[in-house]
Amino acid sequence: MDENVAEFFRRTILKIPMYEMMTILKTWNFLSENQLQTINFHQRKESLAQDLILLCEEKPASLDDVALLDVIYTQVHRHQKHWNVYQMSREPDEDVDLFDLEQFKRSFKKILQRALKNVTISFRVAETNAVWIRVAWGTQHAKPNQYKPTFVVYYPQTPYAFISCCHLKSTVPLLHQALRVASKHHQIVQMDLRSRHLDSLKAIVFKEYNQTFEDHNSTAPLQERSLGLDINMDSRIVHENTIEKERIRRVTQESFGDHPQPQLEFAQYKLETKFKSDLNGSILADREEPLRCLVKFSSPHLLEALKSLAPAGVADAPLSPLLTCIPSKKMNYFKIRDK
């Protein structure tokens, strides 16, 4: 096995948690069951990596083989990436062809390899039928950097793709061209929707969050869950303002539904407005440039946090549509300007 490939393999093994090691290696399917049984998985990870390198030298493992292992690891740990959502479109009168995976691969590779001499491209189809693409970028004079690849998750027969942040901005137009042409679309645009949680982004753009995030574990009635009531509470406790609480529950349900929300970490609002005043001689009124400010709401689970504000008494119900429309608008980046 090439020295650079061996180092790439070693680094990939070192970032895999030990409790996932066997599962990921079996999914990779490069090493046989008998070979894996000869390995001591209770030793230090550095020693384990060296033992696995020795086994991979028997075939030996190629750069494409190790890149595939990295794809499998990234699929498991997809929440470690920052994902941008892109929407593609066809011409109005253009027919939709059946998706051909092999043709898609050939077309995607052809465009990148024609523009760049050094680039590594790997494909893997996930259980959800999503096509995962890993691109390691090089230049005309430098080998691809295998430690800063770009990942693309494309769902065939849909206009949506999810792309991890590119370290080289110059490669973005080329990647977009390859994806657009290979998927037979006319245009590709970036949506104002970003997150680490790829599954939640997918649920939002495909409007699956009513089903995907449905909570089947709770048997308490919706009213009791929403108001935080305990059916086993002391019967002597009397709740005040039950009519108002019921109104808040109903308004919150109308805004968010009765299902758990897709997971996003933030929502960002950019405000741009002109100062308006009837007073003459006002400094701000004479200002030609608009006033600008940025407001960012952040939370490990923003939509669930927003959903709990009114029932907790922290905010009035209903919340502003700018906060409740995030899933329906498919946005968590907003620009607010004067009309």
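The values are calculated or read from the model by the stated rules, or taken from the named source; none is laboratory data. As the structure is a prediction and not an experimental result, all values here were calculated from the model. Don't worry about glycine lacking a Cβ; one is built from the backbone with ideal geometry, like all the others, and counts go over all protein chains shown.
Output yes when any residue across region 58-68 is touching a residue at least 40 places away in the same chain (Cβ under 8 Å) and closer than 22 Å to residue 190 by Cβ, and no when none is. Within region 58-68 (the criterion being touching a residue at least 40 places away in the same chain (Cβ under 8 Å) and closer than 22 Å to residue 190 by Cβ), the answer is no, since none of the residues qualifies. Among the residues examined, residue 142 qualifies as of a type in the set (A, V, I, L, M) and in a loop (DSSP other than H, G, I, E, B).
One line per residue, one yes/no per condition, for (1) of a type in the set (A, V, I, L, M); (2) farther than 13 Å from residue 74 by Cα; (3) in contact (Cβ under 8 Å) with a residue 60 or more places away in the chain; (4) outside the structural domain of residue 102 (by TED's automatic domain parsing):
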position	(1), (2), (3), (4)
123	no, no, no, no
132	no, no, yes, no
161	yes, yes, yes, no
170	no, yes, no, no
176	no, yes, yes, no
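How about region 5-24: which of its residues are surrounded by fewer than 15 Cβ atoms within 10 Å (Cβ to Cβ) and among the polar types (S, T, N, Q)? Of everything in region 5-24, just one residue is surrounded by fewer than 15 Cβ atoms within 10 Å (Cβ to Cβ) and among the polar types (S, T, N, Q), namely 23. If you go through region 312-331 and keep only what is within 28 Å of residue 275 (Cβ to Cβ), in contact (Cβ under 8 Å) with a residue 40 or more places away in the chain and assigned to a loop (DSSP other than H, G, I, E, B), you end up with 319, 331. Quick check on residue 270: is it in contact with an Asp or Glu (Cβ under 9 Å, 6 or more places away or on another chain) and either modelled with pLDDT of 90 or more or surrounded by 14 or more Cβ atoms within 10 Å (Cβ to Cβ) (or both)? No. Taken over region 112-130, residues that are outside any loop (DSSP other than H, G, I, E, B) and surrounded by 12 or more Cβ atoms within 10 Å (Cβ to Cβ) amount to 9.
Criterion applied to 316, 338, 286 was being over 30 Å from residue 162 (Cα atoms), at pLDDT below 95 and touching a Pro at 6+ places or on another chain (Cβ under 8 Å), and the one residue passing it is 338.
Exactly one residue out of 204, 248, 243 is modelled with pLDDT of 85 or more, in a helix (DSSP H, G or I) and closer than 30 Å to residue 163 by Cα: that is 204. In a residue-by-residue description of region 297-311, the property of being surrounded by 15 or more Cβ atoms within 10 Å (Cβ to Cβ), in the same structural domain as residue 247 (by TED's automatic domain parsing), part of a loop (DSSP other than H, G, I, E, B) and modelled with pLDDT under 95 applies to at least one position. Against the condition under 30 Å from residue 160 (Cβ atoms), surrounded by fewer than 17 Cβ atoms within 10 Å (Cβ to Cβ) and either at pLDDT 95 or above or not assigned by TED's automatic domain parsing to the domain that holds residue 331 (or both), how does residue 85 come out, does it pass? Taking the combined requirement at face value, the residue does not satisfy it. Of the residues that make up region 48-70, is at least one among the charged types (D, E, K, R), farther than 28 Å from residue 139 by Cα and modelled with pLDDT of 95 or more? Within region 48-70 (the criterion being among the charged types (D, E, K, R), farther than 28 Å from residue 139 by Cα and modelled with pLDDT of 95 or more), the answer is yes, since at least one residue qualifies. Restricted to helices (runs of 4 or more DSSP H) entirely inside region 1-80, those with at least 1 residues that are in contact with a strand residue (DSSP E or B) (Cβ under 8 Å, 6 or more places away or on another chain) are 63-76.
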